[in-house]
Amino acid sequence: MKRRVLWLTLAIVAGFWLGTNHGNWKLRSLVEPISSRGRLWSDPVTAHGAGYEADEQNNIDIYKNNHLATVNITSVVYQRDFFFQVYPQKGIGSGFLINEDGEILTNNHVISGSKNITVTLSDKKQYPATVLGIDRRSDLALIKIKANRKLPFVHLGDSDTLVVGQKVLAIGNPFGLEGTLTTGIVSSLGRSLQNEDGNTMEGLIQTDAAINPGNSGGPLLDSRGNVIGINTAIYGSQTASGEAGSIGIGFALPINRAKEKLEEYRATGQISHPVLGVSQTLFVQGDLAEALSLPTNGGLLIEGIESGSPAEAAGLHGPTRMVIVGMYRLGAGGDLIVAIDGAPVSSQDALRKALNLKRPGEVMELTIFRGGRTMKVKVTLGSAPETL
């Protein structure tokens, strides 16, 4: 018994001496008070064979299932320099295959004005593309390649069910870096933004997923891997090359808007926009409205109506005389549009915004002031094909 106690005492003394002189010996970290080092273990803990977290695996699966259908689009636009010499300028964007036959959705600004459009697939094979249809108001384009083989494609989801805070993923070719994946959330819904053609795009999805030049036209996907938007624009800071870089505010066209245009193309072979036929309006209110004997709350005074248009067919009236009010010379006597589909008119672009939400053949109800009284006029919108 005494011998066993002696050996145990010697072991403890030896352990104390080694722990004091060899800081890496593990017995020291076991017997040293926790408060003297602030932690119990000095070595990092490594988990072996833990695999991926559920959210990581979701990202991986979505990328595997969709990046092969995301394409790189190169367009060539011919411009003139200061000396009127023609030179080609390349633009790079993204797009995604929507069926195995080679139809691709992208932004109109990615291919706008281009004489040559080249699509590069994930296997690096390149194909010339033809434009099937465009929608300038939505910055949307439908193009097609002939690959003579079945191609991978994405699945289109439902953008009407989106909620702020849900996860989204973007795939594209930012700065030419093909097949790039970024993640984020839906930051807001129903945003408005003016595009390069001066048209205001309504109902956009705002996201903080990193979107940069070259991402335009690429898919924005939900956590199930369905496309719920087309990456379109960003607010960004300027990079060293003069291009805008992501600051976490990007915008995507809701995919349901594109699905409507696809349905129209399948049915008619073209993509069109709705036509009212009111060629010019002037927003008047306050003193100007009072000078014209109109309600001071204001509205859009019709200054011109196109011959043979739906507006003319519905009986809308244009100006009957010219008057000078202050510094303005304008047409008077026409209808004043005070509400559109029940919503009061409060700005110059109210009619354009309302048309952006309509389709050809739909009815627009205008509340107008005419001859001292208010009345409602229903107009069945016409159709005009988009031209390249």
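The values are calculated or read from the model by the stated rules, or taken from the named source; none is laboratory data. Bear in mind the structure is a predicted one, so any value in this text is a computation, not a measurement. With ideal geometry, Cβ positions are generated from the backbone for all residues, glycine too; neighbour counts draw on all protein chains shown.
Can you name the number of the only condition in (1) crowded, with 19+ Cβ neighbours inside 10 Å; (2) modelled with pLDDT under 90 that V325 fails?
(1)
In segment 142-186, which residues are of a type in the set (S, T, N, Q), surrounded by fewer than 18 Cβ atoms within 10 Å (Cβ to Cβ) and in contact (Cβ under 8 Å) with a residue 40 or more places away in the chain? Talk me through it step by step, then tell me what you get.
Within segment 142-186, the subset of a type in the set (S, T, N, Q) is 148, 159, 161, 166, 173, 180, 182-183.
Those left that are additionally surrounded by fewer than 18 Cβ atoms within 10 Å (Cβ to Cβ): 148, 161, 166.
The answer is Q166, and nothing else.
Out of curiosity, is P319 modelled with pLDDT under 90, out of contact with any helix residue (DSSP H, G or I) (no Cβ under 6 Å at 6 or more places or on another chain), assigned to a loop (DSSP other than H, G, I, E, B) and surrounded by 16 or more Cβ atoms within 10 Å (Cβ to Cβ)?
no
For segment 228-250: of the residues being at pLDDT 90 or above and touching a Gly at 6+ places or on another chain (Cβ under 6 Å), which is nearest to L156 (Cα to Cα)?
I228
Can you tell me how many residues in segment 81-110 are modelled with pLDDT under 95 and of a type in the set (A, V, I, L, M, F, W, C)?
So the count comes out to 6.
Restricting to segment 251-281, count the residues that are β-branched (V, I, T) and either modelled with pLDDT under 90 or within 15 Å of R137 (Cβ to Cβ) (or both).
Residues that pass the stated criteria total 3.
Select from segment 351-380 the residues that are closer than 23 Å to L292 by Cβ, surrounded by fewer than 19 Cβ atoms within 10 Å (Cβ to Cβ) and within 34 Å of the chain's Cα centre (by Cα) and list them in ascending order.
Of everything in segment 351-380, just one residue is closer than 23 Å to L292 by Cβ, surrounded by fewer than 19 Cβ atoms within 10 Å (Cβ to Cβ) and within 34 Å of the chain's Cα centre (by Cα), namely R352.
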